[in-house]
Amino acid sequence: MKATTPKPGRPARLSRELIVEAALGCDLRTVTMRDIAGRLGVSHSALYRWVGNRDELLDLVGEVVVERILPTTEPTADTWRPWLADLAWRMHDQFLAVPGYAAHVALPHRHNARAFGLLRDRVVSAFRLAGASEALAEQSWYIFGLGVVQWLGARQLGHTLGTAEPRFDLFLDVLLRGLPAREPAA
């Protein structure tokens with residue numbers, strides 16, 4: 001990723017925070033560097049001094065979103081399930097608040113390794129505290145992460161399977177009651 005400090009000279013009109021806030025107001029499925037530059041009132045070449053390309057822009061957005069969704073507390077053996085529910089609701093609120101973000105994250109793509117790693121490590125830790133082995137905690141992370149992200153992506157894209165409004169509270173309750181993963185009975 002490019003350095004996030006401009007060359008010496010006059011004060012910067014751009015910052016990581018300004019760039020991310022501008023991106024959060026756009027549909028991330030279709031946003032371009034030119035769109036962000038226009039929102040910020042700068043040339044797109046000025047924006048490229050801070051963010052090398054669209055993928056780096058989406059990486060920055062991903063870092064900020066993960067910072068916003070991670071609970072400030074750590075899970076414990078007694079609180080792992082409510083901790084995961086809190087995380088899932090934070091994902092729900094943040095992912096759906098940003099146009100196109102849930103849909104973007106739900107599609108196969110290269111994830112920001114730093115942000116994705118923080119999220120993964122905390123969720124795996126919660127499942128370990130629930131008594132899952134390292135291998136089953138990792139599998140539980142896949143189930144939790146994919147389940148929540150795919151539900152949110154489908155919701156943002158307007159996919160429905162019937163006439164009833166999909167309810168995240170019911171989905172999350174069923175998901176968390178089935179986790180952590182256990183080996184199938186023989």
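Contact map, region 37-48: residues that are among the basic types (Lys, Arg) paired with residues that are part of a helix (DSSP H, G or I) and open to solvent by less than 60 Å² (accessible area, probe 1.4 Å), Cβ distance under 7 Å, separation 6+ or inter-chain. Pairs shown: ARG39/ALA22. Condition first: open to solvent by 20 Å² or more (accessible area, probe 1.4 Å) and under 13 Å from the mean Cα position of the chain (by Cα). Can you find one or more residues in region 125-133 that meet it? Checked region 125-133: no residue is open to solvent by 20 Å² or more (accessible area, probe 1.4 Å) and under 13 Å from the mean Cα position of the chain (by Cα).
A single member of ALA115, ALA102, ALA85 is within 22 Å of GLY153 (Cβ to Cβ), touching a Phe, Trp or Tyr at 6+ places or on another chain (Cβ under 9 Å), in contact (Cβ under 8 Å) with a residue 40 or more places away in the chain and assigned to a helix (DSSP H, G or I), and it is ALA102. From the list GLU138, GLU165, the one residue that fits, being farther than 15 Å from ALA88 by Cα, in contact (Cβ under 8 Å) with a residue 12 or more places away in the chain and among the acidic types (Asp, Glu), is GLU138. Residues that are among the β-branched types (Val, Ile, Thr) and not in a loop (DSSP other than H, G, I, E, B) were ranked within region 139-186; the one that is surrounded by the fewest Cβ atoms within 10 Å (Cβ to Cβ) is VAL174.
Of the residues making up region 3-44, those that are of a type in the set (Lys, Arg) and either surrounded by 11 or more Cβ atoms within 10 Å (Cβ to Cβ) or at pLDDT 90 or above (or both) are ARG13, ARG16, ARG29, ARG34, ARG39.
Looking only at residues in region 73-102 that are surrounded by 20 or more Cβ atoms within 10 Å (Cβ to Cβ) and under 12 Å from the mean Cα position of the chain (by Cα), the one that is farthest from GLU138 (Cα to Cα) is VAL98.
Quick grid of which residues meet (1) modelled with pLDDT under 95; (2) part of a helix (DSSP H, G or I):
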position: MET1; (1), (2): yes, no
position: VAL51; (1), (2): yes, no
position: ASP55; (1), (2): yes, yes
position: ASP78; (1), (2): no, no
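The values are calculated or read from the model by the stated rules, or taken from the named source; none is laboratory data. Keep in mind it's a predicted model, so treat the numbers as computed, not measured. Please note: Cβ atoms are built from the backbone with ideal geometry, for glycine as well, and neighbour counts cover all protein chains shown. Ligands, DNA and RNA are excluded from the accessible area calculation, which covers all protein heavy atoms including side chains. Shrake-Rupley method; radii C 1.70, N 1.55, O 1.52, S 1.80 Å.
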